[in-house]
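Chemist: Once you've had a glance at the structure underneath, I'll fire off some questions.
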Amino acid sequence: MKPAGAPRRALSFDENPALSLPLRYFLTAPLFAALAAGLLMWRGEPALLTRWSPLTLALTHLMVLGCLSMTMIGALLQMLPVVGGIAVPHVGRVGAAVHLALSAGALLLACAFWSEQPALFALALAPLLGALLLFVGACTVGMWREHAPGSGAVVGGIRLALTALVLTATLGGLLAGAFAWPSGTDLPLQRMTDLHAMWGLLGWVGLLVIAVAFQVVPMFMLTEPYPAFLTGGYTTVLFLLLAAASLSSGLPGAGLRFHQVCLALLAAGYALFAGVTLYLLARRKRPRADPTTLYWRVAMASLMAALALWLWPRGEVSNATPLALGVLLIAGFALSAINGMLYKIVPFLAWYHLQDAMAGGRRPPAANLIIPERRANWQLAAHVAALLLLLAACYQPALTRPAAALMCLACLALWLNLCTAARLYWQLRAPPATITSQPS
Ligand code: HEM
């Protein structure tokens, strides 16, 4: 394969936000995932019997809003100025408000599903839509203004992912509105749910992971750059296929065949990204794989497995397949990619901010020593075991509780590992007289 496309570009740290801004998102996200896994452990089998169960929908949104969107929004507020040269206006205040509203909204929406109370759906909508609107609005203003030239493929992909987030939130808002005000609704709810899930998982999450991968896989995992055929108009093609699949959904006859072709092309497009990423990771300059590289391999393998399951011809309708699809996309693909990135981004940011904050000519420890690799590897092993058990539990519900317990443990271990980096930063940045312990 000829590596050519995206040249590695210099990063600009002139507009770098304070460390506390992304850190509050990164430390909140694993707690939401642990909460979802803890609730699954508590309720057991009934929470993993069908995708339509209110318990399943509550856990899904603790994951997709409280964990995945939480990390992705924190990462974007950090990345846009550094990678794209884009200054998000009032980033400190916007970041704090979005974090608070997203946390409250995700908890309220989960409570609404759990308790099936229409009033709670209405209550959840205000902070959720407010948070997402404020975040997308601030990013749009930042991109609108004149800014330093950023990396085209990365910023282009981020724009499309943000558009997908707006579509996801609009469809989600209409669905939640139908629960909040049940009478007078004449919407095709099942079709809208499928489209909402598709735009959320393949659009908002999928396009953002792809756009960010163009920058971070070569930079953090020391691979060759992605080839030019991916970093060109590839994310735009995926976005257009998502749009075509949405517009043709529910059509009969030739419309149905067109819809199926769009889905097949979408699957091929995402599989191409996964295949190229695995290829680049296999040929990276360092043969020994660190936890981030292993996490990304798990993420790409899960994406491929999910795509195969999605298109696999099925004779009879099964409850297990959509659940397994959700597990592969949410816990396998998105959570693994995010988990792996956090092991690079958080130590790197702590190290970067310490360079300025440490007094008396002291030097911070190397970024790769800030979270001990042995602990990250243990956490990765727990995550992979939990993922496999969770998949098995979709077909054998008796495994639900052990799977959830292990996933809860893995998420808490991730949180503790990230806290190690945060604690080190707060200890070392204090004046020397107040430091009580030094890292070895
Ligand atoms: C404003 C934020 C959101 C609201 C109000 C919302 C609301 C909803 C509602 C009401 C449903 C259930 C529909 C039904 O049972 O008929 C649903 C399903 C779903 N949502 Fe959301 N959602 C939001 C954001 C997201 C995001 C950001 C994602 C993904 C990243 C997402 C992923 C899903 C998935 C995968 C399902 C289907 C679950 C299943 O098939 O079991 N949602 N959402």
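The values are calculated or read from the model by the stated rules, or taken from the named source; none is laboratory data. Small disclaimer: the values here were computed from a predicted structure and weren't measured. Note: ideal-geometry Cβ built from the backbone for every residue, glycine included; neighbour counts use all protein chains shown. What goes into the accessible areas is simple: the full protein's heavy atoms, side chains included, and nothing from ligands, DNA or RNA. Shrake-Rupley method; radii C 1.70, N 1.55, O 1.52, S 1.80 Å.
Chemist: Any idea which of (1) more than 30 Å from residue 198 (Cβ to Cβ); (2) crowded, with 23+ Cβ neighbours inside 10 Å is the one residue 351 doesn't satisfy?
Modeler: Looking at each condition in turn, residue 351 falls short on (2).
Chemist: Would you kindly identify the helices (runs of 4 or more DSSP H) lying entirely within the stretch 342-440 that contain at least 2 residues that are at pLDDT 95 or above and farther than 27 Å from residue 18 by Cβ?
Modeler: 373-395, 400-429
For (1) touching a residue at least 12 places away in the same chain (Cβ under 8 Å); (2) on the phi > 0 side of the Ramachandran plot; (3) of a type in the set (Val, Ile, Thr); (4) touching a helix residue (DSSP H, G or I) at 6+ places or on another chain (Cβ under 6 Å), each residue gets a yes or a no:
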{"residue": "37", "(1), (2), (3), (4)": "yes, no, no, yes"}
{"residue": "49", "(1), (2), (3), (4)": "yes, no, no, no"}
{"residue": "69", "(1), (2), (3), (4)": "yes, no, no, no"}
{"residue": "73", "(1), (2), (3), (4)": "yes, no, yes, yes"}
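Chemist: Could we say that residue 41 is closer than 30 Å to residue 409 by Cβ, open to solvent by less than 40 Å² (accessible area, probe 1.4 Å) and at pLDDT 95 or above here?
Modeler: It is false that residue 41 is closer than 30 Å to residue 409 by Cβ, open to solvent by less than 40 Å² (accessible area, probe 1.4 Å) and at pLDDT 95 or above.
Chemist: I would also like to ask the following. Please determine, by comparing only the residues of the stretch 50-74 that are within 17 Å of the chain's Cα centre (by Cα) and of a type in the set (S, T, N, Q), which one is farthest from the ligand (Cβ to nearest atom).
Modeler: The selected residue is 71.
Chemist: Of (1) within 8 Å of the ligand (Cβ to nearest atom); (2) closer than 19 Å to residue 135 by Cβ; (3) among the hydroxyl-bearing types (Ser, Thr, Tyr), residue 193 satisfies all except one. Which?
Modeler: (2)
Chemist: Whether any residue in the stretch 197-205 is of a type in the set (Gly, Ala, Ser) and open to solvent by less than 30 Å² (accessible area, probe 1.4 Å) is what I want to check.
Modeler: Yes.
Chemist: Shifting gears a bit: Taking the criterion of being near the ligand (Cβ under 9 Å from one of its atoms), of a type outside the set (Asp, Glu) and open to solvent by 10 Å² or more (accessible area, probe 1.4 Å), would at least one residue in the stretch 131-143 satisfy it?
Modeler: Looking through the stretch 131-143, at least one residue is near the ligand (Cβ under 9 Å from one of its atoms), of a type outside the set (Asp, Glu) and open to solvent by 10 Å² or more (accessible area, probe 1.4 Å).
Chemist: Here are the criteria: (1) touching a Ser or Thr at 6+ places or on another chain (Cβ under 7 Å); (2) open to solvent by less than 10 Å² (accessible area, probe 1.4 Å). Tell me which single one residue 215 does not satisfy.
Modeler: Of everything listed in (1) touching a Ser or Thr at 6+ places or on another chain (Cβ under 7 Å); (2) open to solvent by less than 10 Å² (accessible area, probe 1.4 Å), residue 215 misses just condition (2).
Chemist: Please give the number of the condition residue 188 fails out of (1) within 11 Å of the ligand (Cβ to nearest atom); (2) modelled with pLDDT of 95 or more; (3) exposed (fewer than 14 other Cβ atoms within 10 Å of the Cβ); (4) not small (Gly, Ala, Ser).
Modeler: Only one criterion is unmet by residue 188, namely (2).
Chemist: Going through 123, 108 one at a time, which residue ends up being open to solvent by 20 Å² or more (accessible area, probe 1.4 Å), over 30 Å from residue 386 (Cα atoms) and within 15 Å of the ligand (Cβ to nearest atom)?
Modeler: After applying the criteria, what remains is 123.
Chemist: Okay, moving on. With respect to the numbered conditions (1) surrounded by fewer than 14 Cβ atoms within 10 Å (Cβ to Cβ); (2) touching a residue at least 60 places away in the same chain (Cβ under 8 Å); (3) among the charged types (D, E, K, R), which one is the sole condition not fulfilled by residue 284?
Modeler: The one condition residue 284 does not meet is (1).
Chemist: Then there's this: Applying the selection to the stretch 16-27, what residues are open to solvent by 30 Å² or more (accessible area, probe 1.4 Å) and either β-branched (Val, Ile, Thr) or closer than 17 Å to residue 135 by Cβ (or both)?
Modeler: The answer is 24, and nothing else.
Chemist: Can you pull out every residue in the stretch 227-258 that is more than 17 Å from residue 207 (Cβ to Cβ) and crowded, with 18+ Cβ neighbours inside 10 Å?
Modeler: Correct list: 227, 248, 249.
Chemist: Something else: Condition test on residue 123, is it modelled with pLDDT of 95 or more and touching a Phe, Trp or Tyr at 6+ places or on another chain (Cβ under 6 Å)?
Modeler: For residue 123, the condition - modelled with pLDDT of 95 or more and touching a Phe, Trp or Tyr at 6+ places or on another chain (Cβ under 6 Å) - is not met.
Chemist: Right, here's the next one. Would you pick out the residues in the stretch 280-307 that are assigned to a helix (DSSP H, G or I) and more than 25 Å from residue 382 (Cα to Cα)?
Modeler: Listed by number, the list holds a single entry, 280.
Chemist: Pick from 170, 223: which is among the β-branched types (Val, Ile, Thr) and open to solvent by 20 Å² or more (accessible area, probe 1.4 Å)?
Modeler: After applying the criteria, what remains is 170.
Chemist: Continuing with this model, one more query. Are there any pairs, at least 6 apart or on different chains, whose C-beta atoms fall under 7 Å, with the first in the stretch 311-336 and in a loop (DSSP other than H, G, I, E, B) and the second open to solvent by 30 Å² or more (accessible area, probe 1.4 Å), and if so, which?
Modeler: What qualifies is 319/49; 319/50.
Chemist: With the requirement that a residue be open to solvent by less than 10 Å² (accessible area, probe 1.4 Å) and assigned to a helix (DSSP H, G or I), what does the stretch 84-98 give you?
Modeler: 84, 95, 98
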